[in-house]
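Comments concern the structure below.
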Amino acid sequence: MEFVILAVVIAVVAFGAITGLVVGSRRKKQLPPPPPESPTITAPPAEPHVGEEAETPREEPRRTIEEVGLPGAEAPAGAEAPVVTEPVPPVEVPEPTAGRLVRLRARLSRSQNTLGKGLLTLLSREHLDEDTWEEIEDTLITADVGVAPTQELVERLRERVKVLGTRTPEELRGLLRGELLHLIGTEADRSVRTEGSPAAGGEDIPGIVMVVGVNGTGKTTTTGKLARVLVADGSSVVLGAADTFRAAAADQLQTWGERVGARTVRGPEAGDPASVAYDAVKEGIAEGADVVLIDTAGRLHTKTGLMDELGKVKRVVEKHGPVGEVLLVLDATTGQNGLVQARVFAEVVDITGIVLTKLDGTAKGGIVVAVQRELGVPVKLVGLGEGADDLAPFEPEAFVDALIGD
Ligand code: GDP
């Protein structure tokens, strides 16, 4: 009898264990699959800058290009899966770009005082003796105009003042305005080249813009602000976070993109910048974007290293289509150092336009002249603050008017 009871107990326990297992395994099957191995974004969006509204960090929906199922060419060998971030509505409508420099003219106040008003005061002296001309030269050199352009300007001013004879303040202002404009140049095409190109397969290739420069110059911020400029002017934009060496850069760019509804393509931290850039253009083609903006890494460790990196990014991207614009970002407050950077970058990659940032924080507005001379390419955009819409298309007339007052 005891044996029978024992057998029944064993049978019940065994049955319970088996059903438990089955239920357990059923449960297991109902669990969602493990997360994909592609990189995920864990860091919150970058800190907002001064002058911008704070944004609440939010969960970002993410897709890899594989999940999206994009058509087009395959990524280069060794490329890791990029992440395409979806913009989360509501998006902002950036203010139009026309007349931004006029609106921001007060930000040039330091250059205004040194360069514009300083020169006007000196030129208004009753006797323009040698000492005064030397002071005029010093003023221009202090404002970073550069030695050769300074000498040219002073020579022309001397000539014209002599012809003029007696000078009214209005005449002097007109004269200085004309000469500064002559120095800066009014003929150059200062538009950012964002036109796309037709591809052999019939798809349109978006305009491709690479943004290069040393870290800290405001390169990533400028890429974000430029996205706003383009969106404000009616273009659709995809961002490529190819500065994979600075950990916060991709988050920062993504935040800029989200605000105006632009997707950001990013790769794993310290991943291959060229493959991120390649995938950004691929995404741009797939969604029929007008422009792809690529933020690059600006580590000036060695010239060869930089050349390899930027050269590779450009070569790989050009498998899709031509890079229409390579913008060099320079910090206007760094003076001669900025010019040295400009020289190095120009040896490494064909610069087609210059962005001068932080002109709001310096008296050295003359760098516009010096850097154009150095590189032989025009300043196309200027940064005049940390606010989202503080990047303005560079207009020589508005710039000179802001310097000398009208
Ligand atoms: P990156 O390392 O070159 O990508 O530099 P960031 O884009 O992170 O910018 C570095 C700092 O410069 C940030 O604090 C920006 O807000 C600031 N910055 C960028 N452009 C301007 C500008 O035009 N004016 C001022 N005042 N600050 C700027």
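The values are calculated or read from the model by the stated rules, or taken from the named source; none is laboratory data. Predicted, not measured: the structure shown is a model, and the values here were computed from it. So basically every Cβ, Gly included, is an ideal-geometry build from the backbone, and we count neighbours across all protein chains shown.
Name the single residue, out of those in region 284-305 being more than 16 Å from the ligand (Cβ to nearest atom) and among the acidic types (Asp, Glu), that is surrounded by the most Cβ atoms within 10 Å (Cβ to Cβ). Write out each step before concluding.
Restricting attention to region 284-305, the residues satisfying the condition of being more than 16 Å from the ligand (Cβ to nearest atom) are 284-292, 302-305.
Applying the additional criterion that residues be among the acidic types (Asp, Glu) yields 287, 290.
On the way: Glu287: 14, Asp290: 19.
If we take residues in region 284-305 being more than 16 Å from the ligand (Cβ to nearest atom) and among the acidic types (Asp, Glu), then Asp290 is surrounded by the most Cβ atoms within 10 Å (Cβ to Cβ).
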Specify the residue that is nearest to the ligand (Cβ to nearest atom); the eligible residues are those in region 202-217 that are over 18 Å from Arg343 (Cβ atoms) and hydrophobic (A, V, I, L, M, F, W, C). Val211
Members of region 319-340 found to be under 20 Å from Leu384 (Cβ atoms), surrounded by 22 or more Cβ atoms within 10 Å (Cβ to Cβ) and of a type outside the set (Asp, Glu), listed by number: Leu327, Leu328, Val329, Leu330, Ala332, Gly338
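Among what's in region 249-264 and is small (Gly, Ala, Ser) and closer than 12 Å to Val238 by Cβ, pick the residue that is nearest to the ligand (Cβ to nearest atom).
Gly257
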Residues of region 354-406 being over 19 Å from Leu327 (Cα atoms) and basic (Lys, Arg), in sequence order, are Lys364
Do any helices (runs of 4 or more DSSP H) lying entirely in region 306-406 carry at least 2 residues that are away from the ligand (no atom under 16 Å from the Cβ) and over 24 Å from Lys117 (Cβ atoms), and which ones are they? 336-348, 367-375
Have a look at Thr362, Thr352 and point out the one that is hydroxyl-bearing (Ser, Thr, Tyr) and either more than 29 Å from Glu137 (Cβ to Cβ) or without any contact (Cβ under 8 Å) to a residue 24 or more places away in the chain (or both). Thr352
Which one is surrounded by the fewest Cβ atoms within 10 Å (Cβ to Cβ), of the residues in region 363-380 that are in contact with a helix residue (DSSP H, G or I) (Cβ under 7 Å, 6 or more places away or on another chain) and hydrophobic (A, V, I, L, M, F, W, C)? Ala363
Would you pick out the residues in region 126-153 that are of a type in the set (A, V, I, L, M, F, W, C), surrounded by 14 or more Cβ atoms within 10 Å (Cβ to Cβ) and either under 39 Å from the mean Cα position of the chain (by Cα) or not assigned by TED's automatic domain parsing to the domain that holds Leu164 (or both)? Ile136, Leu140, Ile141, Ala143, Val145, Leu153
Suppose we keep only residues that are aliphatic (A, V, I, L, M) and within 26 Å of Ala402 (Cβ to Cβ) within region 160-181. Which one would you say is surrounded by the fewest Cβ atoms within 10 Å (Cβ to Cβ)? Leu164
